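Since the structure comes first, as structure tokens, the remarks are kept for the end.
Read-outs throughout are calculated quantities, based only on the coordinates presented, and are distinct from any laboratory measurement. Because the structure is a prediction, the values reported are computed rather than measured. Heads up, the Cβs are rebuilt from the backbone with ideal geometry, glycines too, and the neighbour counts pull from every protein chain shown.
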Amino acid sequence: MATVTRLKALAGVRIPDSPLAKATVDLLEATSPQFICNHCVRTYVFGNLAVRSVGRTIIDEEIAFCGAHLHDLGLVPAHAGDNRFEVDGADAARAFCLKHQVAPERADRVWAAIALHTSAGIASRMAAEIALVHLGAGLDFLGLGLDQVPPQLLEEILASYPRLNFKSAFRDLLLEHCRRNPAAQILTWTDEVARSAGCTLHGQPLPTASQLMLAAPFAE
């Protein structure tokens, strides 16, 4: 079982410790490998720093915390379904929130933060809690905005939650997800990952957007 070091603050970012936040960490630990647990905590901290750097304020820290910590639920066996992983994870996180008596409108914001966390150009323009998950995950996954993080803060974050060979471990998890559910990758950012894994649909390579457009049943 994975574990998450439960700090009160990291790199100047306060870590919520409400009953919902504690239950969120419990769910993360129970379902996810250690490298995902560490990634999710870093997502919250990096996202908080990124949102602050552009002058925005997190109104609902608890919801932002929940979204960041559960944003990859759709990639783990306990919550993987038939949709793209962002939607499966969002559905599972919303159900979790409602089970813990979170108001529906707040649970819906967690859903949006997770479902849209890979949607460049969209999530960053929405509520700060939604933008936080997008920006934090993008920074930790692709290094987007890493040059804006002061070196001493970066060192503190990575010392507390090391990457644990994250690049290759996460790619392996994505490949496994794509092989299990190739149809859900079509027209999403993971379609390239699915093709690199040799995924097929009905014995044929996954179609590209251009191929689907040209095959549409219209004369012109």
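Results, tabulated for the structure shown:
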| quantity | calculated |
| --- | --- |
| Restricting the stretch 132-184 to residues that are assigned to a helix (DSSP H, G or I) and hydroxyl-bearing (Ser, Thr, Tyr), the residue that is nearest to Asn38 (Cα to Cα) | Ser160 |
| Verdict on Ser119 being out of contact with any Pro (no Cβ under 7 Å at 6 or more places or on another chain), in a helix (DSSP H, G or I) and free of Cβ contacts under 8 Å to residues at least 40 places away in the same chain | no |
| Odd one out for Leu187, checked against (1) assigned to a helix (DSSP H, G or I); (2) without any contact (Cβ under 8 Å) to a residue 40 or more places away in the chain | (1) |
| Inter-residue pairs, beta-carbon under 8 Å, first closer than 13 Å to Ile15 by Cβ and in the stretch 152-164, second charged (D, E, K, R) and surrounded by 15 or more Cβ atoms within 10 Å (Cβ to Cβ), 6+ apart | Ile157/Arg42; Tyr161/Arg42 |
| Those residues of the stretch 184-220 which are out of contact with any helix residue (DSSP H, G or I) (no Cβ under 7 Å at 6 or more places or on another chain) and surrounded by 14 or more Cβ atoms within 10 Å (Cβ to Cβ), in sequence order | Ala184, Ile186, Thr188, Arg195, Pro207, Thr208 |
| Residues located in the stretch 145-173, provided they are under 20 Å from the mean Cα position of the chain (by Cα) and of a type in the set (Asp, Glu) | Asp172 |
